[in-house]
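Working notes for the structure below.
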Amino acid sequence: MQLNTIRDYDFSGKRVVIRVDFNVPLKDGVVTDDTRIKSALPTINYLLDHGASLVVLTHLGRPKGKKNPEFSLKPVAKKFAEDLGRNVQLADDVIGPEVEAQVKALKPGQVLLLENVRFYAEEEANDPEFAKKLASYGDVYVNDAFGTAHRAHASTEGIAHYLPAYAGFLIEKEVKFMAPLLENPARPFVVIIGGSKVSSKISVLESMLKTADTMIIGGGMAYTFKKVLGFKIGQSIFEPDYVDVAKKFLEDAKKKGVKVILPVDNLCGDSFDEHTPVSLYEGDIPDDKQGMDIGPKTVELIRQALKGAKSVVWNGPMGVFEFDEFAHGTEEVAKMLAESDATTVVGGGDSVAAVNKFHLASKISHVSTGGGASLEFLEGKVLPGIKALEKN
């Protein structure tokens, strides 16, 4: 997958329309985590250093196509200016004569952040006229919003029909680490998939089966597979509608010679509660208990499977890591990846939250910035926001 990147263009004196993902958490009108803002700064600084002026587009929350002060970018603009270390103007709308005047007045090195692009229903509808209007603000388009790349919206896909389109450094990095996993990973390649439901991860499992050497399945979804193999799973999460799918997956893995590792022991609770008494069971789980984390023998199996691995991808926690008593399996997997010599990629909201919780993100080769986008990428789906940046 070859992308047009910002290194391929001369931005001197150009006005750039750039789509970023500043959909950050707020509390009492203050940004509580600016990771997404900081991750876009290398691209933004590169453009400014090369003589561009910037018209910045982002969304915040789900205003459902209507102007709503609760989702205004005012606090985001303040944090963005702080992190960038220079003045950021905030337009109080996305379209209209006042915005056009502000855009036209921009000089090289200046930054104008437009108000929440999702204040207009035309954004999510990918309305061509709306996309054309956004495109009219610049000479060139840059997308660095990987978190929204799986959406064909006006500011992520539509606009690329009207302007030369380039990938920022963040999108370039995501593709650099993720694309080989689907095409030609360094081997042995180990895939670790967790999370609560087979239904939300089966597409990833099936996609990864094409290139994996070993697949490790943990989290709540593992119990449907265990049930298929004849184990008793007590009150653990079980999706009866996915029994045949799970069975077929295990058969396909066997045919392809892909080793599948499922939990051999589980930490269980009496109820889904962080103060529930903890018990450990190998094999079958009693009728009145539910599995909430992998046990020490499973942790050891995973450790052995990761020995000598050259590439590893991890999507989804091994247990209910939000509860300290059931966070051990997820924490151990995070530590193994942090200590591994392999190229390690962590994608998906919960596993990213886990490596952040255990302060290990800096020791992972690549931590994806997009939850839904990274999931769909690993499913082998075409991401409209990325496709728009591919070299012809």
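Laid out as a table, the results:
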| quantity | calculated |
| --- | --- |
| Most to least packed among 241-252, 11-22 [average Cβ atoms within 10 Å] | 11-22, 241-252 |
| Net +/- balance of residues flanking Ser362 in space, Cβ distance below 14 Å, scoring K and R +1, D and E -1 | +3 |
| Segment 321-371: C-alpha gyration tensor shape, a/c 1.5 cut-off, then a/b vs b/c | oblate |
| Whole-Hz couplings from phi, Karplus 6.51/-1.76/1.60, listed for segment 170-186; x for Gly and Pro | 5, 5, 4, 5, 4, 5, 4, 8, 8, 4, x, 5, 8, 10, 7, x, 5 |
| Segment 48-93 and segment 181-204: distance between their alpha carbon centers, rounded to Å | 35 |
| Choice from Phe130, Phe358, Phe189 with maximal GNM fluctuation in the chain (Cα, 10 Å cutoff) | Phe358 |
| HN-Hα J in Hz across segment 31-37 - Karplus 6.51, -1.76, 1.60, θ = phi - 60°, x for Gly and Pro | 5, 9, 8, 9, 3, 5, 5 |
| Total charge dipole magnitude, the chain, about the Cα centre, Cβ charges on Lys, Arg, Asp, Glu only, Debye to nearest 20 | 1020 |
| ³J(HN,Hα), Karplus 6.51/-1.76/1.60, whole Hz, each residue of segment 235-246, x for Gly, Pro | 9, 5, 4, 8, 10, x, 5, 10, 4, 5, 5, 5 |
| Built amide H within the under 5 Å cut-off of Val142, gap 5+ | Val17, Ile18, Arg19, Tyr166 |
| Cα gyration tensor shape of segment 66-137, rounded if a/c is under 1.5, else prolate or oblate by comparing a/b with b/c | oblate |
| Under-5 Å amide H pairs with Leu60, H placed in peptide plane, nonlocal only | Val117, Arg118 |
| Total lysine pairs whose alpha carbons fall under 25 Å of each other in segment 34-112 (8 or more apart, or interchain) | 19 |
| Burial order of peptide ranges 257-269, 299-311 (average beta-carbon count within 10 Å, highest first) | 257-269, 299-311 |
| Helix axis angle, 328-339 relative to the chain longest principal axis, alpha carbon, degrees | 60 |
| MRE, 222 nm, helices only [DSSP H, n ≥ 4, -39500 (n - 2.57), over the chain, to nearest 500] | -10000 deg cm²/dmol |
| Gaussian network model of the chain, springs between alpha carbon atoms under 10 Å - residue of Tyr141, Tyr46, Tyr223 with greatest fluctuation | Tyr46 |
| Cross-link pairs Lys226/Lys289; Lys232/Lys254; Lys197/Lys226; Lys256/Lys307; Lys176/Lys387; Lys201/Lys381 - those with Cα-Cα distance over 18 Å | Lys232/Lys254; Lys256/Lys307 |
| Overall Cα dimensions of segment 192-305 - principal axes, largest extent first, Å | 40, 33, 22 |
| Formal net charge of residues neighbouring Asp270 (Cβ-Cβ distance under 13 Å; K, R +1; D, E -1) | -4 |
| Options [x] 27; [y] 21; [z] 64 - which one matches percent of Cα pairs over 38 Å apart as calculated here | [x] |
| Beta bridge orientation in segment 15-152: antiparallel %, DSSP, nearest 5 | 10 |
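No value in this document is a laboratory result; all are computed from the given coordinates. The shown structure was predicted, so the numbers you read here are calculated from the model rather than taken from an experiment. All Cβ positions, glycine included, derive from the backbone under ideal geometry; neighbour counts span all protein chains shown.
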